[in-house]
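A.B. asks: Please read through the structure below; I'll follow up with questions.
The values are calculated or read from the model by the stated rules, or taken from the named source; none is laboratory data. Since the model is a prediction, treat every value here as computed from it, not as a measurement. Heads up, the Cβs are rebuilt from the backbone with ideal geometry, glycines too, and the neighbour counts pull from every protein chain shown. The accessibility values were calculated without ligands, DNA or RNA, using every heavy atom of the protein model including side chains. Shrake-Rupley method; radii C 1.70, N 1.55, O 1.52, S 1.80 Å.
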Amino acid sequence: MTETQIFEYTSGTPPEDLDADDPLHGELMKLHVGPQHPATHGVLRLAITLDGETIRDCDPDVGYLHRGKEKTCESLGWRRFIVHTDRLDYVQPLMNNVAYALALEQLAGLEVPQRGQVIRVLIMELSRIMAHLIYLGTSAIDLGAVTMFFFTFTEREKIYDLLDSYTGHRMNNTYIRMGGVYADIDDEVGREMRAWLEAFPAKIDEFEKMLTGNRIFYDRNRGVGTLTREECLAWSLTGPILRACGVEWDLRKQAPYSGYETYDFEIPIGTTGDSFDRYLVRVEEMRQSVVICLQTLDRLERTKGGEFLAEDRRYVLPPRAKVHSSMEELIFQFKVVTDMRLPAGEAYFAIESSKGELGFFLASDGTSDPLRCHIRGPGLMNVQVIPLLAKGRLLSDLVAIIGSLDFVMGEVDR
Amino acid sequence: MTAIDRITAAMAEGTFEVIEPRDGMPCVAVAADGLRALMECLRNDCGFETNTFVTAIDRSAGALAIEPCYEVTYQFLSHAHGDRIRVRVRVPLTDPKVPTITDLWPGTSFCERECYDMFGIVFEGHPDLRRLLMPEGYDHHPLRKDFPHRGIEPDRLYREWERGRAATR
Amino acid sequence: MGSLKPATTAAHDAGFLATRADALINWGRKNSLWPMPLGLSCCGIELMAMIGPKFDIARFGAEAARFSPRQCDLLIVAGTLTWKMAHACRTIFDQMPDPKWVIAMGVCSSTGGMYDSYAVVQGVDMILPVDVYVPGCPPRPDAVIDAILKLQKKIERESPLKVLFQGRGELDEGGTREFDMPPNQAVATHRIGTFEPVAGEGGEERT
């Protein structure tokens, strides 16, 4: 954690005192924010009871983007559902792909080749940066700093271009497959990524120059939405929100996957657990992601030409060229596409997404039809905690709270 | 000390059953009337501070369809010990009921509401058991196996609203 | 600007332009679309990218995104519309002042897309009249810009003066305001099974 205490702790005054001379005090008013409101980051509806400007009660209503993904998985089958995972947390599509693929691989007992794991780590960390950039842009816009949106989107567009040249689409790439990744990263994409990664830390400095020392941003975030460690644990909160309370809990360190234990990086933690610390944690996470990405690029150079997709023909499609020349491979392809069976049983796998623990709980009965696919997204817990943080605060603090909780409705509602 | 060891030390013999799921996570099966005791033990004695999710599996269809039931599945995480545990309780298809655990882990509130919404499982004692994802007034529980994927009259509530709107215009 | 030409050299010298009122009004309307970005899901992120620095929708006069429907004339439905959200979407459309246009961005809002499920509206044209459909999941920002250009061409063909003097009703029967696919029963029934006819076939909402 770097330079957290720039200003004195100023805005911790209880809002009841601020509100005492409000002439509307004592008069309760119902206010519905959303489902279409720029500050709710999607289609969240908040039924708020206001006393003057103080929030007395807040009832989040979710489900406006409930698309029935879990039901869809049951009718689509294991393999085809991966396309739907992109659209869960749509600011980091590839991260969701990896989480789902890892859960499938755990259920099937499938090993991912070394190079496939390295590419996955690279892609996940790029996704983390993308998600945090969205957080920076939108939460700053809510607090009045519109310029940040243009700053962060300039950088996001560059990641989009990189992913576009690698995966063929800007977002919702569906590039991860069970058993690895769809295609190898070529040298040119690697070079471009390295160039961008080396230039990016300077951009983070620029963002920090805009926000970290910004009096308005600081005052509106410091002391707002404060959570303690115990509250975080009881309310199932994970990710940057938990780490901002000073808990060093990151699944990349605690339960490593995809070879995270072999990378050299640090877990930033906060001290006060308020919105401003969450901001600082996320900014520092972006820097750490760059560090990891650069390490993966070195490894990609070392493992050039290696396998990136497992060769288990029960679950993984054979290469197209072989399908055209070999009868067995054609049969394998037919079997995988029409009737891919996973062993009976249950499996849960969680990864540290940009917002917290993103887990898939899969239950299979041994046939090609999934029995159950439960998506444990961090967003639902983050929404759940809004009333806890908003009660007793001013209405304007709600915007900062929602911004700092950083949920994406696609993942909340599923 | 593994999670199972901690539970065995704190709970009476025969009130729960240890099962081995595919992913190797410690898993405990318990009857619905013994659920509260186990949950209190997990919270107070075994150090599981965080609930990860509450969900259910409809076991009434599929190849392994045992006696038809909903399998309510809880999963917990202990930061202190760094391990997880899964708890499974089976409830009948008709009139499914389990006691709530929102007083022990307030974060399970939305999960239980979602489970009620999707499966119709009633969490007794939940302070605010409403639908979470589907609108109020929706008739069905979508994740039940007998509910079709494309839904039953999915637009009913909207059309009712639209008729009301046309009448007032 | 094609129809804004000086009538005579003398008028030109005197600083006058002669044109049809329709052309002038349409020219103004099409180059100052105020979008209402109804960002529902993934497409909302691409919509933000479209407003953002690289694609910069300001080049086409449509950057004044307002989150209040009463200030907007272009509704961009970006993303998956669920039945729970449908009445909110319809209300937003009703609150927008005339004239108004709708772009269905992405396959979800065009046809329901990949979500053939119990919760999702199988195309916003079941509840709104749509002018331009943009395919893609999500469409690239270039595609949405193209949709705005197509919409501008469509606006060019409208006859606002006719509306002023003759009212909307006549126009809606066969005028310039054509819906590509009105929210009719045939569309809806084909997609989702049986339900009642939609109140107000297409144009009626316009009056």
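A.B. asks: Can you list the trypsin sites (Lys or Arg not before Pro) in region A:24-119 that are in a DSSP coil and have 14 or fewer other beta carbons within 10 angstrom?
C.D. replies: Passing sites in region A:24-119 are A:Arg80.
A.B. asks: Shifting gears a bit: Compute a Gaussian network model of chain A, connecting alpha carbons closer than 10 Å, and tell me which residue from A:Glu230, A:Glu248, A:Glu125 fluctuates the most.
C.D. replies: Looking only at A:Glu230, A:Glu248, A:Glu125, the biggest GNM fluctuation is shown by A:Glu230.
A.B. asks: Which semi-axis lengths, in whole Å and largest first, follow from the square roots of five times the eigenvalues of the Cα gyration tensor of region A:240-281?
C.D. replies: Each semi-axis is the square root of five times an eigenvalue, giving 22, 9, 7 Å.
A.B. asks: What nm value, rounded to one decimal, do you get for the distance between C:Leu161 and A:Ser165 when each label is placed 7 Å out toward the C-beta?
C.D. replies: In this crude spin-label approximation the distance works out to 5.4 nm.
A.B. asks: Need one value for C:138-144: mean number of C-beta atoms belonging to other chains within 10 Å of its residues' C-beta atoms.
C.D. replies: 2
A.B. asks: Moving on to the next point. For chain A, take the longest principal axis of its alpha carbons; what is the angle in degrees between that and the long axis of helix A:93-108, to the nearest 10 within 0 to 90?
C.D. replies: Tilt of helix A:93-108: around 50 degrees.
A.B. asks: Between the DSSP loop rule and a limit of at most 13 other Cβ atoms within 10 Å, which GluC sites (Glu not before Pro) in region B:68-163 are left?
C.D. replies: B:Glu136
A.B. asks: Dividing the convex hull volume of the Cα atoms of chain A by its residue count, what figure in Å³ per residue is obtained?
C.D. replies: 132
A.B. asks: Calculate the length of the line joining the C-alpha centroid of region B:107-125 to that of region A:147-202, in whole Å.
C.D. replies: 40
A.B. asks: Then there is this: Quick check of the Kirkwood formula: for region B:16-93, what is the inverse mean of 1/r over all pairs of different Cα atoms, in Å?
C.D. replies: Kirkwood hydrodynamic radius for region B:16-93: 13.1 Å.
A.B. asks: Quick check on the protein assembly as shown: helices-only [θ] at 222 nm, where DSSP H runs of length 4 and up contribute -39,500 (n - 2.57) each and the sum goes over total residues. Nearest 500, please.
C.D. replies: Here the helix-only value at 222 nm equals -12500 deg cm²/dmol.
A.B. asks: Still on this model: Scaled to the compact-protein estimate 2.2 N^0.38 Å, what is the alpha-carbon radius of gyration of region A:307-395, rounded to two decimal places?
C.D. replies: So region A:307-395 has a normalised radius of gyration of 1.71.
A.B. asks: Let me ask something else. Is region A:183-329 rounded, prolate or oblate when judged by the Cα gyration tensor, a ≥ b ≥ c being the square roots of its eigenvalues, rounded requiring a/c under 1.5 and prolate requiring a/b larger than b/c?
C.D. replies: Prolate shape, in that a/c is at least 1.5 and a/b is the bigger ratio.
A.B. asks: Further question on the same structure: Give me the summed buried accessible area for the B-C pair, 1.4 Å probe, to the nearest 100 Å².
C.D. replies: 1800
A.B. asks: Nearest-5 percent of antiparallel DSSP beta bridges in the protein assembly as shown?
C.D. replies: Roughly 75 percent of the beta bridges in the protein assembly as shown run antiparallel, per DSSP.
A.B. asks: Note down the relative contact order for chain A as a percent, whole number, built from C-alpha pairs under 8 angstrom at least six residues apart.
C.D. replies: Relative contact order here is 26 percent.
A.B. asks: With angles folded into 0 to 90 degrees, how steeply does helix A:187-211 sit against the dominant principal axis of chain A? Use alpha carbons for both and round to 10.
C.D. replies: 10
A.B. asks: Right, next: Looking at chain B, what % of its DSSP beta bridges pair antiparallel, to the nearest 5?
C.D. replies: That works out to approximately 75 percent antiparallel.
A.B. asks: Counting only residues 5 or more places away or on other chains, whose amide H sits under 5 Å from the amide H of C:Val102 once H atoms are built in the peptide plane?
C.D. replies: C:Leu75, C:Asp131, C:Val132
A.B. asks: Roughly how compact is chain B, stated as its Cα Rg over 2.2 N^0.38 Å to two decimals?
C.D. replies: Working it through for chain B, the quotient is 1.21.
A.B. asks: Here's a follow-up. Translational diffusion coefficient of region C:1-128 at 37 °C, 0.692 mPa s, Stokes-Einstein with Kirkwood Rh over Cα pairs, in µm²/s as a whole number.
C.D. replies: This corresponds to a translational diffusion coefficient of 200 µm²/s.
A.B. asks: How many nm separate the modelled label positions at A:Asp205 and C:Arg66, each set 7 Å beyond the Cα in the direction of the Cβ?
C.D. replies: Output for this residue pair reads 4.2 nm.
A.B. asks: Give me the summed buried accessible area for the C-A pair, 1.4 Å probe, to the nearest 100 Å².
C.D. replies: By this definition, chains C and A bury close to 2900 Å².
A.B. asks: Given the convex hull over the Cα atoms of the protein assembly as shown, what projected area results after averaging over all orientations, in nm²?
C.D. replies: Mean shadow area of the hull around the Cα atoms is 39.3 nm².
A.B. asks: Excluding ligands, DNA and RNA, what is the solvent-accessible area per residue of the protein assembly as shown at a probe of 1.4 Å, expressed in Å²?
C.D. replies: With the other protein chains kept in place, the protein assembly as shown gives 37 Å² per residue.
A.B. asks: Another one. What FRET efficiency do you get for B:Ala32 and A:Thr367 if R0 is 41 Å and r is their Cβ-Cβ distance, rounded to the nearest 0.05?
C.D. replies: For R0 = 41 Å, the calculated efficiency reads 0.90.
A.B. asks: While we're here: Leaving out ligands, DNA and RNA, and with a 1.4 Å probe, what % of the accessible surface on chain A is carbon or sulfur?
C.D. replies: Ligands and nucleic acids excluded, carbon and sulfur reach 54 percent.
A.B. asks: I'd like the antiparallel share, as a percent to the nearest 5, of DSSP beta bridges with both residues in region C:1-141.
C.D. replies: Antiparallel: roughly 15 percent of the beta bridges in region C:1-141.
A.B. asks: Using all C-alpha to C-alpha distances in region A:47-132, build P(r) with 5 Å bins and read off the rounded percent in each one.
C.D. replies: With 5 Å bins starting at 0, P(r) equals 3, 12, 16, 17, 14, 12, 8, 7, 6, 4, 2, 1, 0.
A.B. asks: Which entries of A:Lys391/B:Lys97; A:Lys69/A:Lys335; C:Lys30/C:Lys162 show an alpha-carbon separation above 26 angstrom in the structure shown?
C.D. replies: Beyond 26 Å between Cα atoms: A:Lys391/B:Lys97.
A.B. asks: Then there's this: How far apart, in nanometres, would the label points at A:Lys391 and C:Asp13 be if each is projected 7 angstrom from Cα along the Cα-to-Cβ direction?
C.D. replies: Modelled inter-label distance: 8.1 nm.
A.B. asks: List the residues, sorted by chain then number, that are 5 or more residues from B:Asp83 or on another chain and whose placed amide H is less than 5 Å from its amide H.
C.D. replies: B:Ser78
A.B. asks: Which of the trypsin sites (Lys or Arg not before Pro) across region B:83-145 are loop residues per DSSP, with 13 or fewer other Cβ within 10 Å?
C.D. replies: In loop regions of region B:83-145 (DSSP not H, G, I, E or B), the sparsely surrounded trypsin sites (Lys or Arg not before Pro) are B:Arg130.
A.B. asks: Continuing with this model, one more query. Leaving out ligands, DNA and RNA, and with a 1.4 Å probe, what % of the accessible surface on region B:106-147 is carbon or sulfur?
C.D. replies: Ligands and nucleic acids excluded, carbon and sulfur give 45 percent.
A.B. asks: Ok, one more. List the lysines whose Cα lies under 29 Å from the Cα of A:Lys203, skipping any in the same chain that are fewer than 8 positions away.
C.D. replies: Once the sequence-local lysines are set aside, what remains near A:Lys203 is A:Lys158, A:Lys253, A:Lys355, C:Lys54.
A.B. asks: Sticking with this one: What is the Cα coordinate range of region A:157-206 on the first, second and third principal axes, sorted by size from largest, in whole angstrom?
C.D. replies: Cα extents, longest axis first: 38, 22, 17 Å.
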